[in-house]
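The values are calculated or read from the model by the stated rules, or taken from the named source; none is laboratory data. Please read all numbers here as calculations on a predicted model, not as lab measurements. Glycine also receives a Cβ, built like all others from the backbone with ideal geometry; neighbour counts cover every protein chain displayed. Heads up: the accessible areas ignore ligands, DNA and RNA and are worked out on the full protein's heavy atoms, side chains in. Shrake-Rupley method; radii C 1.70, N 1.55, O 1.52, S 1.80 Å.
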Amino acid sequence: QVQLVESGGGLVQAGGSLRLSCAASGSIFSVNLMGWYRQAPGKQRELVATITSGGSTNYVGSVRGRFTISRDNAKNTVYLQMNSLKPEDTAVYYCGSVISQTFYWGQGTQVTVSS
């Protein structure tokens, strides 16, 4: 059984920062691609950023330069540092990872940015 547990969401003013964490636990043979996705009210879930086991990163254009994804392979943990937050970043943020060749979702954490 594999679990992804997110933490770090909350309420912040525009221009502020938050750091999300997502730790994988359970029967893990390998952790490959790790990423963050978000879903705003009334919108589809979208990719925010991904990072491979080798450290290669990819970002959606709207967050590039403001968000930084990183990972600690020894801890099977992925992070998302979010700076210069905007009200349009408000969403539920989900961790998604390929673990032992299966894709798993976390439960989601709410990020609310007030103007």
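Miscellaneous remarks
- Answer residue from region 96-115, given it is among the small types (Gly, Ala, Ser) and within 17 Å of Ala49 (Cα to Cα) and is nearest to the chain's Cα centre (by Cα) among those: Gly96
- Enumeration of residues in region 38-56 that are at pLDDT below 95 and part of a strand (DSSP E or B): none
- Some residue of region 59-78 being touching a residue at least 60 places away in the same chain (Cβ under 8 Å), polar (S, T, N, Q) and farther than 23 Å from Phe29 by Cα: no
- Residue that is most open to solvent (accessible area, probe 1.4 Å) [pool: residues in region 1-26 that are in a loop (DSSP other than H, G, I, E, B) and in contact with a strand residue (DSSP E or B) (Cβ under 7 Å, 6 or more places away or on another chain)]: Gln1
- Evaluation of Phe29 against (1) open to solvent by less than 40 Å² (accessible area, probe 1.4 Å); (2) in contact (Cβ under 8 Å) with a residue 40 or more places away in the chain; (3) at negative phi (one fails), failing number: (1)
- Odd one out for Arg71, checked against (1) within 25 Å of Gln13 (Cβ to Cβ); (2) basic (Lys, Arg); (3) part of a strand (DSSP E or B): (1)
- Across region 99-115, the number of residues qualifying as closer than 15 Å to Gly35 by Cβ and open to solvent by 40 Å² or more (accessible area, probe 1.4 Å) comes to 4.
- Residue check for Gly35: in a loop (DSSP other than H, G, I, E, B) and either under 15 Å from the mean Cα position of the chain (by Cα) or at pLDDT 95 or above (or both): no
- Only one entry of Ser62, Ser70, Ser84 meets the criterion of being open to solvent by 30 Å² or more (accessible area, probe 1.4 Å) and in contact with a strand residue (DSSP E or B) (Cβ under 6 Å, 6 or more places away or on another chain), and that entry is Ser70.
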